[in-house]
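The values are calculated or read from the model by the stated rules, or taken from the named source; none is laboratory data. Everything numeric here is computed off the predicted structure, so don't read it as measured data. For neighbour counting, all protein chains shown are included, and Cβ atoms are generated from backbone atoms with ideal geometry for every residue, glycine included.
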Amino acid sequence: MVKKFGKIWPIDAVVAVTYRCNARCVMCNIWQIKDFPEIQASEYLKLPATLKDVNISGGEPFLRQDLFLIVKNIKEACPRAHIVISSNGFLVETIKRLLPEIKKIDPDIGLNISIDGIEESQERIRRVAGGWQKNLEVIRFAKDLGLKDLGIGFTLNNENYSETEKVYDFCLRNKLNFSIALAQSSDFYFGGNKYQVNLNKEQLQQSFSFVINKLLKSYNPKNWARAFFVDGLMKISEGKRRPLESKPGDDFFYLDPKGDIYPSVIDNVIMGNITKFTTFDGIWLSAQAEKARIDIKGYESNYWFVCTARTAIMRNPLKVARWIFDQKISGAKSTISKLIKTNNQELTK
């Protein structure tokens, strides 16, 4: 948590640089938005230096020909921030042209490719012919370029729950980070799509439990925290409350392509527009921003995204550690029980 002028300052942000998109995903209507205004690259110089994580999103970010300059300005404004570009990975030649230049600005730049299935499943869900081969070509190029933070973003929806294990194994074989999200609705993001996941409890548990168990068996403590995040997604999918409460409009914010700042990608109240202020302080300390925080307090939607969960986890390390400990103990007991059962069966033969 960062405080300045007696106010909590954000450390996490999702920055959508465009709503233009070259995919036609079944769970998102953002591609149907036409002629949505886009702020100049210079406006991103106003982002707060307190940010530690910035997700450059869209639409498809690589449709902005000035993406190089946008990344440069974000890095200048937020020198401590880890920047990740979330892309569908279909603009192969554009990515090959821009990514090397972007990496020169920020050697630690991350790239997250959205993959929701293997081969024809990916093309059916994203509705892009030849999309799978394009994704593979971009992944090979990014690995050859030496990107250290290269991953796959998997969005669980009605079409792909059976693909979870396949995509996870693909990441494991290719040494890629794996992240999972649950398709959720927003009044103003995702093209205002009112998408509902209609999978039954067994199907959802199959997908989420597989990922949770894999992450908990890892020797990387970061994966244990990721398992906690996935457990939160499972709770959301079952109609339960998220495991930790977040602080939208305090710890994080969402910036849309025309410069409007929202507490999150779900909370539909505007805190201010970045083009109307000379500094970010003016927005964050404004009466409009404070009213937005008051308007959503106690009425936040039951969402659970990486940006909201990350800050909530940082605020509650003991609760997360206790959950991890309980899961580890439970897993150990289950393993011991299976070994005893197997041993007994061998003895009775």
Which one of these does residue 128 not meet: (1) at pLDDT 95 or above; (2) in contact with a Phe, Trp or Tyr (Cβ under 7 Å, 6 or more places away or on another chain); (3) among the hydrophobic types (A, V, I, L, M, F, W, C)?
-> (1)
Please work out if residue 304 is in contact (Cβ under 8 Å) with a residue 12 or more places away in the chain and over 25 Å from residue 234 (Cβ atoms).
-> no
Restrict the check to the range 74-92 and report whether at least one residue is within 17 Å of residue 144 (Cα to Cα) and either in contact (Cβ under 8 Å) with a residue 40 or more places away in the chain or assigned to a helix (DSSP H, G or I) (or both).
-> yes
Go through the range 97-118 and count every residue that is farther than 25 Å from residue 76 by Cβ and either in contact with a Lys or Arg (Cβ under 6 Å, 6 or more places away or on another chain) or not in a strand (DSSP E or B) (or both).
-> 4
Looking at (1) at pLDDT 90 or above; (2) within 25 Å of residue 295 (Cβ to Cβ); (3) in a helix (DSSP H, G or I), can you tell me which one residue 244 breaks?
-> (3)
How many residues are over 21 Å from the mean Cα position of the chain (by Cα), without any contact (Cβ under 8 Å) to a residue 12 or more places away in the chain and at positive phi if we restrict to the range 239-292?
-> 0
Can you name the number of the only condition in (1) within 26 Å of residue 121 (Cβ to Cβ); (2) crowded, with 19+ Cβ neighbours inside 10 Å that residue 47 fails?
-> (1)
When (1) within 24 Å of residue 74 (Cβ to Cβ); (2) in contact with a helix residue (DSSP H, G or I) (Cβ under 7 Å, 6 or more places away or on another chain); (3) of a type in the set (Gly, Ala, Ser) are applied to residue 146, the one that fails is (2)
Scan the range 50-64 and report the pairs whose first residue is among the acidic types (Asp, Glu) and whose second residue is modelled with pLDDT under 95, with Cβ atoms within less than 6 Å and a gap of 6+ or a chain change.
-> 60/21; 60/22
Go over the candidates 59, 89 one by one and state the one that is more than 20 Å from residue 2 (Cα to Cα), modelled with pLDDT under 95 and in contact with a helix residue (DSSP H, G or I) (Cβ under 7 Å, 6 or more places away or on another chain).
-> 59
Of (1) at pLDDT 95 or above; (2) assigned to a loop (DSSP other than H, G, I, E, B); (3) of a type in the set (A, V, I, L, M, F, W, C), residue 253 satisfies all except one. Which?
-> (2)
Consider residue 302 against the criteria (1) outside any loop (DSSP other than H, G, I, E, B); (2) under 23 Å from the mean Cα position of the chain (by Cα): it satisfies all of them except one. Which criterion is unmet?
-> (1)
Subset of the range 1-47, residues closer than 15 Å to residue 77 by Cβ, in contact with a Pro (Cβ under 7 Å, 6 or more places away or on another chain) and among the hydroxyl-bearing types (Ser, Thr, Tyr), comes to none
Extreme residue, surrounded by the fewest Cβ atoms within 10 Å (Cβ to Cβ), among residues of the range 125-160 that are among the polar types (S, T, N, Q) and out of contact with any strand residue (DSSP E or B) (no Cβ under 7 Å at 6 or more places or on another chain) | 133
Tally of residues being at pLDDT 90 or above, touching a Ser or Thr at 6+ places or on another chain (Cβ under 8 Å) and assigned to a loop (DSSP other than H, G, I, E, B) across the range 168-208 = 0
Inside the range 307-330, can you point out the residues that are of a type in the set (Phe, Trp, Tyr) and in contact (Cβ under 8 Å) with a residue 24 or more places away in the chain?
-> 323
